Amino acid sequence: MKISDIRKHYLTFFADHGHAILPSASLIPENDPTTLFTGSGMQPMVSYLLGEPHPRGVRIADSQKCFRSQDIDEVGDNRHTTFFEMLGNWSLGDYFKTEQITWMFEFLTTNLGLDPKNLYVTVFRGNSDLNIPRDEESAALWQKLFASKGIEAQIGENAEQDGMKSGERIFYYPEKKNWWSRTGVPSNMPVGEPGGPDTEMFYDFGSERNLHETSIWMNEPCHVNCDCGRFVEIGNNVFMQYVKTETGFEELKQRNVDFGGGLERMAAAVNGNPDVFLIDAFAPAIAELIQLSGKQYETHTHAYRVILDHLRAATFLIGDGVYPSNKDQGYFVRRLIRRAVRFAHQLGIAENVCLKIGATFIAMYADTYPYMLSSQDVILAELEKEEKKFQQTLKQGMKKFVELLVPDGNKIISGIDAFDLVQSYGFPVELTEELATENGFTVDMETFKIEKEKHQALSRAGSEQKFKGGLADHSDMSVKYHTATHLLHQALRQVLGDMVVQKGSNITPERLRFDFPYPTRPTDDQMKHVEELVNDTISKKLPVHFEMLTLDEAKTRGAIGLFADKYAEVGDKVKVYFVGDEAMGNSFSKEVCGGPHVSNTSELGKFQIQKEESIGSGLRRIKAILT
Ligand code: SER
């Protein structure tokens with residue numbers, strides 16, 4: 001089975017069970033300042049899990065593009081990738097454990113044809129301090145389902161210490177393993193964050209795949225969560241049922257299901273091979289790399305995996321409008337590309353690897369994501385440009401490096417110099433080490449690591465700062481900024497023309513940020529005009545309301561924000577927010593949007609543009625505040 005078959009089977013299965021099928025949202029979260037990337041299928045669903053009505057109903061499914069920057073360093077083993085697709089289905093206060101677990105079992109064993117003997121599951125052990133009970137209901141459901149296939153599934157209580165015993169197939173684990181929230185275990189969750197116990201499904205690739213001898217688990221007994229490589233998690237059913245409070249946990253207004261399963265890992269299970277890089281999605285890129293390097297995947301596995309993962313991720317990120325840079329999301333794209341180029345050098349590929357491999361991924365995914373094909377020229381140009389820039393950087397780094405080779409010293413390159421090469425020249429430390437060895441030098445890696453950790457601590461502090469902004473934070477200020485964003489969008493179109501469309505939006509309780517394409521720098525007069533238009537609209541005290549319209553109605557009534565593939569199906573209803581009233585002749589803006597918004601523009605205060613700047617590649621960025 002190809003990933004396109006599995007994706008189709010999954011979406012059809014859940015459509016047949018009454019789910020509305022949504023297209024994937026962007027890798028760049030919209031109106032969610034809490035995080036740089038969409039890292040799970042549930043992220044775009046948070047407000048609906050918290051109780052906002054979803055325009056498409058209470059049963060939703062999709063295949064969501066995800067990017068997990070924190071996994072960059074894990075790439076190289078048989079199952080970690082930074083980019084992946086997560087199959088997801090949600091019950092928004094509708095069905096619960098029985099349906100979810102039964103459907104999953106049916107989908108995996110019947111639709112994907114996986115042998116139930118190779119399936120293992122984990123459930124939440126419960127925690128009396130948190131007042132969250134042990135999930136006996138899920139354990140009993142799994143037992144019954146396995147029994148229906150003639151498998152007596154015994155329950156393991158303490159597998160993480162004792163290892164798994166023969167006959168055991170269902171395991172209780174504590175919250176470290178069987179609790180899910182965007183920020184992890186209960187103690188890490190901020191107040192207001194939703195989360196819940198989960199039940200995870202693992203595929204057993206066979207005990208001969210037990211890779212203990214090469215892993216840190218060498219002397220530990222094997223169990224499904226031990227990371228030895230024999231078992232691979234293929235899906236996670238979260239029972240999103242709680243919300244963190246000042247004192248502990250409360251039940252949410254509704255009991256939700258949040259399922260997420262790795263498409264690539266499911267494909268690996270169907271293939272019976274735990275190496276996710278051997279699924280069809282990577283085959284054309286592997287063929288191209290063999291062509292370019294003359295080296296084989298089997299003999300250069302690590303380098304291949306890094307190149308494959310990183311260039312697929314970079315291609316998709318650029319496709320969603322993130323260009324390589326030194327800041328925010330762009331920094332990751334830069335890092336992915338540069339790392340891939342480094343590893344391509346190891347394979348002996350001197351140039352043009354990004355362009356060529358990027359093209360294979362665009363072709364591979366063109367049917368599912370047609371926008372990738374239509375943005376092909378831009379994507380490939382960015383990949384090529386960044387690769388060239390990096391080659392240049394390497395040259396400059398080399399000059400600096402040579403200066404460090406002081407022959408009369410004790411032939412040590414200091415950790416601070418090595419880190420400076422990384423920071424100032426983008427010159428990878430592995431390269432410094434290699435070149436040092438060639439010249440009879442060593443690198444003080446201890447100090448290097450300390451420098452690096454200092455730097456990481458700083459950037460972590462930066463992202464925690466970001467988290468504070470909070471989306472699930474539907475705070476009054478954020479809601480005001482959200483409405484102000486609609487006014488700004490419309491005002492820009494009136495002043496600069498219809499080519500202005502929202503390319504990115506980021507809201508915190510302190511400010512709004514809005515990105516849009518425009519080829520030149522707008523004049524000061526134009527910006528002043530935009531600001532006045534927004535303030536006029538505010539002072540007119542216009543009412544804000546929404547209507548549920550079909551796609552056609554929304555178009556006919558001139559709503560903006562009908563992003564090409566966001567609301568794909570004709571006949572579906574979308575939520576359209578109106579500022580002003582057509583019937584009253586004072587309609588100002590109409591935009592497809594999930595909300596929430598203020599009910600009258602008079603609530604906004606005074607609007608002020610603080611900054612207008614280019615962010616490269618024909619995109620402009622406005623930062624504005626309400627005072
Ligand atoms: N949110 C859960 C996860 O990411 C399930 O969708 O694993």
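The values are calculated or read from the model by the stated rules, or taken from the named source; none is laboratory data. Predicted, not measured: the structure shown is a model, and the values here were computed from it. All Cβ positions, glycine included, derive from the backbone under ideal geometry; neighbour counts span all protein chains shown. The area values use the complete protein model at the heavy-atom level, side chains included, leaving out ligands, DNA and RNA. Shrake-Rupley method; radii C 1.70, N 1.55, O 1.52, S 1.80 Å.
Please list, ordered by first then second residue, the pairs with beta carbon atoms under 7 Å, 6 or more apart or interchain, first in region 429-444 and closer than 15 Å to Asp417 by Cβ and without any contact (Cβ under 8 Å) to a residue 24 or more places away in the chain, second open to solvent by less than 30 Å² (accessible area, probe 1.4 Å) and assigned to a strand (DSSP E or B).
Glu433/Val443; Ala436/Ile413; Ala436/Val443
Does Met42 satisfy the condition of being aliphatic (A, V, I, L, M), in contact (Cβ under 8 Å) with a residue 24 or more places away in the chain and within 13 Å of the ligand (Cβ to nearest atom)?
The answer is yes for Met42.
Pairs, please: C-beta under 6 Å, at least 6 apart or cross-chain, first residue open to solvent by less than 50 Å² (accessible area, probe 1.4 Å) and in region 354-382, second of a type in the set (Phe, Trp, Tyr)?
If the second residue must be of a type in the set (Phe, Trp, Tyr), the pairs left are Met372/Tyr365; Glu382/Tyr323.
Just to be sure before I move on: is Glu288 over 25 Å from Ile6 (Cα atoms), more than 16 Å from the ligand (Cβ to nearest atom), open to solvent by 10 Å² or more (accessible area, probe 1.4 Å) and not aromatic (Phe, Trp, Tyr) in the structure I sent?
No; evaluated as a whole, the condition is false for this residue.
Any residue that is open to solvent by 50 Å² or more (accessible area, probe 1.4 Å), acidic (Asp, Glu), touching a residue at least 60 places away in the same chain (Cβ under 8 Å) and under 25 Å from Pro596 (Cα atoms) - is there at least one of those in region 537-556?
Checked region 537-556: no residue is open to solvent by 50 Å² or more (accessible area, probe 1.4 Å), acidic (Asp, Glu), touching a residue at least 60 places away in the same chain (Cβ under 8 Å) and under 25 Å from Pro596 (Cα atoms).
Based on this model, can you work out whether Ala147 counts as modelled with pLDDT of 95 or more, out of contact with any helix residue (DSSP H, G or I) (no Cβ under 9 Å at 6 or more places or on another chain) and under 25 Å from Arg59 (Cα atoms)?
no
Is it true that Pro55 is touching a residue at least 12 places away in the same chain (Cβ under 8 Å) and more than 15 Å from the ligand (Cβ to nearest atom)?
Criteria met by Pro55.
Rundown of residues vs (1) closer than 21 Å to Arg334 by Cβ; (2) modelled with pLDDT of 90 or more, yes/no style:
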| residue | (1), (2) |
| --- | --- |
| Pro407 | no, no |
| Asp417 | no, yes |
| Gly426 | yes, no |
| Val429 | yes, no |
| Glu434 | no, no |
| Thr447 | no, yes |
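Do you know which of the residues in region 107-130 that are surrounded by fewer than 16 Cβ atoms within 10 Å (Cβ to Cβ) and out of contact with any helix residue (DSSP H, G or I) (no Cβ under 8 Å at 6 or more places or on another chain) is modelled with the highest pLDDT?
Thr110
Which residue pairs have Cβ atoms under 8 Å apart, sit 6 or more places apart or on different chains, and have a first residue in region 339-351 that is without any contact (Cβ under 8 Å) to a residue 60 or more places away in the chain and a second that is open to solvent by 20 Å² or more (accessible area, probe 1.4 Å) and outside any helix (DSSP H, G or I)?
Note: pairs meeting the criteria are Gln346/His300; Leu347/Lys295; Leu347/His300; Gly348/Gly294; Gly348/Lys295.
Within the set of pairs 6+ apart or on separate chains, which have a first residue in region 250-279 that is closer than 11 Å to Ile234 by Cβ and in a loop (DSSP other than H, G, I, E, B), a second that is aromatic (Phe, Trp, Tyr) and away from the ligand (no atom under 16 Å from the Cβ), and C-beta atoms under 6 Å apart?
From region 250-279, the pairs are Pro274/Phe205.
Output the qualifying pairs, or none if there are none: Cβ atoms under 7 angstrom, residues six or more apart or on different chains, first residue in region 130-156 and closer than 11 Å to Pro197 by Cβ and assigned to a helix (DSSP H, G or I), second residue β-branched (Val, Ile, Thr) and at pLDDT 95 or above.
Short answer, once both residue conditions are applied: Ser138/Ile101; Ser138/Val123; Ser138/Thr199.
Just one of (1) in a loop (DSSP other than H, G, I, E, B); (2) modelled with pLDDT of 85 or more; (3) within 27 Å of Ser475 (Cβ to Cβ) trips up Leu512, so point out which.
(1)
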